[in-house]
Amino acid sequence: MMIPTVKLNNGVEMPQLGYGVFQVPNDETAAAVTQALDAGYRSIDTAAAYQNEAGVGQALAASGIDRGDLFITTKLWNADQGYDSTLKAFDTSLSSLGLEYVDLYLIHWPTPARDLYADSWRALEKLYADGRVRAIGVSNFQPDHLDRLSGITPAVNQVELHPYLQQNAVRTYGRDFGIRTEAWSPLAKGGALLSEPVIETLAKEYDRTPAQIVLRWHLQLGNIVIPKSVTPSRIRENLDVFGFTLTDDAITAINTLERAERTGPDPDTFNAA
Ligand code: NDP
């Protein structure tokens, strides 16, 4: 199974589809990631806040897959923002993962009330300059947060994105400035979206599952996606999305589902530690 890659703004190739492990308990993470690697995923998305970097690392070590064939993302937690604390948090993540470098390191949330993300970004630039990360980016950054970063342009902005929240302003900003948009909760957490009549009708028409229709919509828009599942059949199903193409009409039909509805926090007001 060949998963297409997208070229980031520094030339690094990132798989367009990866596997997310939010809310997977650490002691179940190695088994879940092993399933995903066996199915063919090579990009894994974790975060210090998920407290399962060690489980991810165990699965990577046991897999025997060449490090160069893997693409590992982790994220700086809010409480660790600031220049020195970011460098320290990165060391902790790397050691939990058991890796010598990560492929993509993200600032997890801007947490505007903390007002430290510009300092944290300088620390990510140092990690990049030192060759400890192959690319640096942000998560949950709105255009006005991105405007405040100077120096290196983020390679990726990972935001909540699905047909109920299409993030047109963030995606346009990304296109204009060369920042790839990555969709978290690409299936809107597997809830009502997957039984939307528009999605169900397309699923019948294409002889695919609702989740596959939604993932295909993302891929054709150019989004990077990281669906999460701990169910073996769904892990495989979510990867089997490269053998069909939605028509422009089908894409337009899905676009009508926009309703500015978040399943997660609003980045302008989320400042949790
Ligand atoms: P998703 O949109 O990926 O949905 C996951 C849910 O959908 C799970 O309950 C899963 O169930 C279910 N599901 C998965 N595949 C299918 C399918 N084929 N059919 C039906 N249901 C399905 O939500 P997440 O919030 O997990 O987001 C994905 C990833 O994004 C996270 O794991 C994390 O890596 C990242 N993320 C990043 C955030 C950030 O702030 N940067 C915030 C939140 C997520 P089950 O597991 O039981 O099979």
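Derivation of every value follows stated rules applied to the coordinates shown; laboratory data play no part. Predicted model, so just to flag it, every value in this text is computed and none were measured. As a convention, Cβ positions derive from the backbone with ideal geometry for all residues, glycine included, and neighbour counts pool all protein chains shown.
Data overview
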quantity: Values of log10 I(q)/I(0), in the order q = 0.07, 0.11, 0.17 Å⁻¹, for the chain under a Debye, Cα-only, solvent-free model; calculated: -0.23, -0.58, -1.43
quantity: Residue-averaged [θ]222 nm for the chain, counting only DSSP H segments that reach four residues, each worth -39500 (n - 2.57); calculated: -11500 deg cm²/dmol
quantity: Choice from 227, 186, 15 showing the highest fluctuation, given a GNM over the chain with Cα pairs closer than 10 Å; calculated: 15
quantity: Convex hull of Cα atoms in the stretch 125-273, direction-averaged projection (nm²); calculated: 10.5 nm²
quantity: Cα principal axis extents for the stretch 8-147, largest first, Å; calculated: 41, 32, 25
quantity: Net length gained if the chain between residue 272 and residue 220 were fully extended (0.36 nm per residue, minus Cα distance); calculated: 15.3 nm
quantity: Rg/Rh (Cα only; Kirkwood hydrodynamic radius) as it applies to the stretch 34-75; calculated: 0.93
quantity: Charge context of residue 244, other residues only, Cβ under 12 angstrom, K/R +1, D/E -1; calculated: -1
quantity: Sequence of 87, 17 once ranked by neighbouring C-beta atoms within 10 Å, starting from the fewest; calculated: 87, 17
quantity: Counting DSSP beta bridges with both ends in the chain, the antiparallel % (nearest 5); calculated: 15 percent
quantity: Residue among 176, 45, 84 with the largest mean-square fluctuation in a Gaussian network model of the chain, springs linking Cα atoms under 10 Å; calculated: 176
quantity: Spacing of the two label points (7 Å from each Cα toward its C-beta) at residue 192 and residue 38, in nm; calculated: 3.7 nm
quantity: Helix axis angle, 53-63 relative to the chain longest principal axis, alpha carbon, degrees; calculated: 70 degrees
quantity: Principal-axis tilt of helix 117-129 within the chain, Cα atoms, nearest 10 degrees; calculated: 80 degrees
quantity: Low-density loop cleavage sites - chymotrypsin sites (Phe, Trp or Tyr not before Pro) in the stretch 90-168, where at most 15 other Cβ are within 10 Å (DSSP); calculated: 101
quantity: Selected from 224, 136, 251 as most flexible by GNM, with the chain as the system and alpha-carbon contacts under 10 Å; calculated: 251
quantity: Principal axis dimensions, the stretch 1-85 - Cα atoms, whole angstrom, descending; calculated: 39, 35, 19
quantity: Neighbourhood charge, 14 Å Cβ-Cβ cut-off, centred on residue 52 and excluding it, Lys, Arg +1 and Asp, Glu -1; calculated: -2
quantity: Relative packing of peptides 33-40, 195-202 - highest average C-beta neighbours within 10 Å first; calculated: 33-40, 195-202
quantity: The stretch 169-183 and the stretch 88-152: distance between their alpha carbon centers, rounded to Å; calculated: 17 Å
quantity: Semi-axis lengths, Å, the stretch 191-273, gyration tensor of Cα atoms, sqrt of 5 times eigenvalues; calculated: 24, 17, 12
quantity: Fraction of antiparallel bridges per DSSP, the stretch 127-203 only, in percent to nearest 5; calculated: 10 percent
quantity: Residues 14, 2, sorted so that the one with the fewest Cβ neighbours within 10 Å comes first; calculated: 2, 14
quantity: Summed side-chain charge close to residue 151 - residues other than residue 151 whose Cβ falls under 15 Å, Lys, Arg +1, Asp, Glu -1; calculated: -1
quantity: Among the listed pairs 88/189; 75/204; 7/75; 126/228; 7/204, those beyond 28 Å (Cα-Cα); calculated: 88/189; 75/204; 126/228; 7/204
quantity: Low-density loop cleavage sites - trypsin sites (Lys or Arg not before Pro) in the stretch 145-205, where at most 14 other Cβ are within 10 Å (DSSP); calculated: 148
quantity: Degrees between helix 197-206 axis and first principal axis of the chain (Cα, 0 to 90, nearest 10); calculated: 70 degrees
